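As structure tokens, the structure follows; a few thoughts come after it.
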């Protein structure tokens, strides 16, 4: 039995296939991926040195309620673990620079914040939701991904993961 497709379907399929093959390949950053270099992403603000450090990269927005709840927890993590080699970088995806600035002024985080005004990093990572955090080992590999922030449960889980990564020996 031969199934004959209408001619327009074949043309549409050919156009779709050629467009898909011509599009740049970009994969979502997931556990096990190497995280894109922050310094080359066009971020506004001071990007801290993360080389050889355990790094928590958190994507947030001023309009996101769980993001507001995460900032005090991340400040606590910064205080407790920075001396051992943790770096936290909070990446705002706000469209409006004044919303970003107001949020930072109000919450006064103890960790660096940067603004992804052109949405280059959030697009490269393909962040699924706000907030989403990526916990990287000393080599820059994503070891844990947290979609959302769930109060004490998230903080407890992050503390255990950070401790484990800080306890690992640095690669030679």
How many residues of the range 103-145 are over 22 Å from residue 69 (Cα atoms) and assigned to a strand (DSSP E or B)? The answer is 3
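Here's the yes/no breakdown for (1) in contact with a strand residue (DSSP E or B) (Cβ under 9 Å, 6 or more places away or on another chain); (2) farther than 22 Å from residue 39 by Cα; (3) surrounded by 15 or more Cβ atoms within 10 Å (Cβ to Cβ):
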position: 95; (1), (2), (3): no, no, no
position: 108; (1), (2), (3): no, yes, no
position: 114; (1), (2), (3): yes, no, yes
position: 147; (1), (2), (3): yes, yes, no
position: 153; (1), (2), (3): no, yes, no
position: 160; (1), (2), (3): no, yes, no
position: 165; (1), (2), (3): yes, yes, yes
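Answer yes if at least one residue in the range 65-79 is touching a strand residue (DSSP E or B) at 6+ places or on another chain (Cβ under 9 Å), surrounded by fewer than 21 Cβ atoms within 10 Å (Cβ to Cβ) and within 19 Å of residue 168 (Cβ to Cβ), and no otherwise.
yes
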Within the range 76-117, how many residues turn out to be over 15 Å from residue 135 (Cβ atoms), under 17 Å from the mean Cα position of the chain (by Cα) and in contact (Cβ under 8 Å) with a residue 24 or more places away in the chain? 10
Tell me yes or no: at least one residue of the range 149-172 is in a loop (DSSP other than H, G, I, E, B) and within 18 Å of residue 29 (Cα to Cα). no
Does residue 73 qualify as being touching a residue at least 40 places away in the same chain (Cβ under 8 Å), assigned to a helix (DSSP H, G or I) and farther than 20 Å from residue 39 by Cβ? yes
It is to be established whether one or more residues within the range 159-171 are farther than 22 Å from residue 77 by Cα and modelled with pLDDT under 95. yes
Determine whether residue 100 is at pLDDT 95 or above, within 25 Å of residue 153 (Cβ to Cβ) and not in a loop (DSSP other than H, G, I, E, B). no
Check whether at least one residue in the range 122-141 is over 11 Å from the mean Cα position of the chain (by Cα), surrounded by fewer than 19 Cβ atoms within 10 Å (Cβ to Cβ), closer than 12 Å to residue 59 by Cα and touching a residue at least 40 places away in the same chain (Cβ under 8 Å), and report yes or no. no
Quick one: residue 103 ticks every box in (1) surrounded by fewer than 16 Cβ atoms within 10 Å (Cβ to Cβ); (2) more than 18 Å from residue 41 (Cα to Cα) except a single one, so which number is it? (1)
Which number in (1) crowded, with 18+ Cβ neighbours inside 10 Å; (2) over 18 Å from residue 149 (Cα atoms) marks the one condition that residue 84 misses? (1)
Among the residues of the range 50-59, are any surrounded by fewer than 16 Cβ atoms within 10 Å (Cβ to Cβ) and under 19 Å from the mean Cα position of the chain (by Cα)? yes
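The values are calculated or read from the model by the stated rules, or taken from the named source; none is laboratory data. If you're wondering where the values come from, they're calculated on a predicted model, not measured in any experiment. Backbone-built Cβ (ideal geometry, glycine too); neighbour counts: all protein chains shown.
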